[in-house]
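A short write-up of the structure that comes next.
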Amino acid sequence: MSAAAIATLYVLALVSVDAQIGAKPQPQTKPAPSTSWKTPWGDPDLRGTWSNQTLTPLERPREFADKPVLTEAEAAAYEKRLVDAGNVDNRNPGTVQDVNLAYNQVWWDRGNRIVADRRTSLIVDPPDGRIPPLTAAAQKRREDDRKASDGERFAASWLDFDVYSRCIIRSALPRLSTGYNNNYEIVQSPGVVSIVQEQMHETRIIPIGNSPHLPSTVRQWLGDSRGHWEGHTLVVETTNFTDDGRGSTFQYATKNMKLVERFTRISDRTIDYQFTVSDPETWTRPWTAKLPWNRIDGLIYEYACHEGNLGLEHMLSAARAAETKSK
């Protein structure tokens, strides 16, 4: 076919599309979950770029102790209050707080909405929306972390800083919504699901099937994940975490924590994400949280934590100066 003929067909196609746009809209029927969102090889399709950004707190605030779900008016007022409270441009310029926060409001991306079902906590079990009580050992780990974070001890080396400051990982799994960089890209192929995490740009490779976990002697920053399909839900069990560094475990858990995640596509633009964590050395019982992953249009760009990052150098030099001054 000649180039002129191809061009003619292209123009006719555009005319046809324009005619359809001007036609009366036809009612759309939402496809049933059993036939929707499938990969070419037949697995449930989770592919795409997603964000878990939300203003809903992990734990239910005390003011909503007896209110697991807000009315629409209450949700709108609560969202406005959270947005105003999170606006760092409301701080006093030139104060210590101003300097510690470092970035102005343009850098932050907390969002402006709570979850669509207006829940007052991401935690759905226990029913009170609160993290179960910590064991005595976990309480001690929390106190030690607080002292380190508050600068009550001078850092002797880079090993005394958390894994985020060292540009290793942003935080342990499971990942919760933070101030920015809440984006993920899911890539699938037969037998494997991969999740690229924007910050610090690490990738989780999740084999699908019945392959066993790594030996318990092998520990990894993001643990060892194994997945399988339960109907339209991807279930991922992760074990073999490490505790080599502050911030390398979730919510003061030990390296023996078990994480079970469930990813279910519920619409063109939403994945229902749930996780359950259990660790008898940390909590008195397992607990579960639920939050949406919403589709975003665009790509995830490189998160280059180390490039031009003088933070660790300056924090260590400040610690040496503080030691000298205290003698």
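The values are calculated or read from the model by the stated rules, or taken from the named source; none is laboratory data. For clarity, every value in this text was computed on a predicted model and none was experimentally measured. Glycine also receives a Cβ, built like all others from the backbone with ideal geometry; neighbour counts cover every protein chain displayed.
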Read through the list (1) assigned to a loop (DSSP other than H, G, I, E, B); (2) farther than 23 Å from Asp297 by Cα, then give the number of the only condition that Ser36 fails.
(2)
Output the residue which, of all residues in region 135-187 that are among the acidic types (Asp, Glu) and modelled with pLDDT of 90 or more, is surrounded by the most Cβ atoms within 10 Å (Cβ to Cβ).
Glu185
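Considering only region 213-227, I want to know if a residue exists there that is among the hydrophobic types (A, V, I, L, M, F, W, C), loosely packed, with under 14 Cβ neighbours inside 10 Å and either out of contact with any strand residue (DSSP E or B) (no Cβ under 7 Å at 6 or more places or on another chain) or on the phi < 0 side of the Ramachandran plot (or both).
We begin by selecting, within region 213-227, every residue among the hydrophobic types (A, V, I, L, M, F, W, C); these are 214, 218, 221-222.
Narrowing the set further to residues that are loosely packed, with under 14 Cβ neighbours inside 10 Å leaves 218.
Right, trim to either out of contact with any strand residue (DSSP E or B) (no Cβ under 7 Å at 6 or more places or on another chain) or on the phi < 0 side of the Ramachandran plot (or both) and you get 218.
Within region 213-227, one or more residues are among the hydrophobic types (A, V, I, L, M, F, W, C), loosely packed, with under 14 Cβ neighbours inside 10 Å and either out of contact with any strand residue (DSSP E or B) (no Cβ under 7 Å at 6 or more places or on another chain) or on the phi < 0 side of the Ramachandran plot (or both).
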The residue from Val69, Val106 that alone is modelled with pLDDT of 95 or more and either surrounded by 13 or more Cβ atoms within 10 Å (Cβ to Cβ) or not aromatic (Phe, Trp, Tyr) (or both) is Val69
Just to check your reading of the model, which residue among Thr284, Thr270, Thr238 is touching a residue at least 60 places away in the same chain (Cβ under 8 Å) and surrounded by fewer than 17 Cβ atoms within 10 Å (Cβ to Cβ)?
Thr284
Among the residues of region 185-201, what is the count of those that are on the phi < 0 side of the Ramachandran plot and either β-branched (Val, Ile, Thr) or over 20 Å from the mean Cα position of the chain (by Cα) (or both)?
8
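Quick check on Arg204: is it within 23 Å of the chain's Cα centre (by Cα), crowded, with 17+ Cβ neighbours inside 10 Å, among the charged types (D, E, K, R) and modelled with pLDDT of 95 or more? Can you show your working first?
Numbers: within 23 Å of the chain's Cα centre (by Cα): yes; crowded, with 17+ Cβ neighbours inside 10 Å: yes; among the charged types (D, E, K, R): yes; modelled with pLDDT of 95 or more: yes.
Judged against the criteria, Arg204 is a match.
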From the residues in region 241-263 that are among the hydrophobic types (A, V, I, L, M, F, W, C) and buried (at least 19 other Cβ atoms within 10 Å of the Cβ), which one is farthest from Gln139 (Cα to Cα)?
Phe263
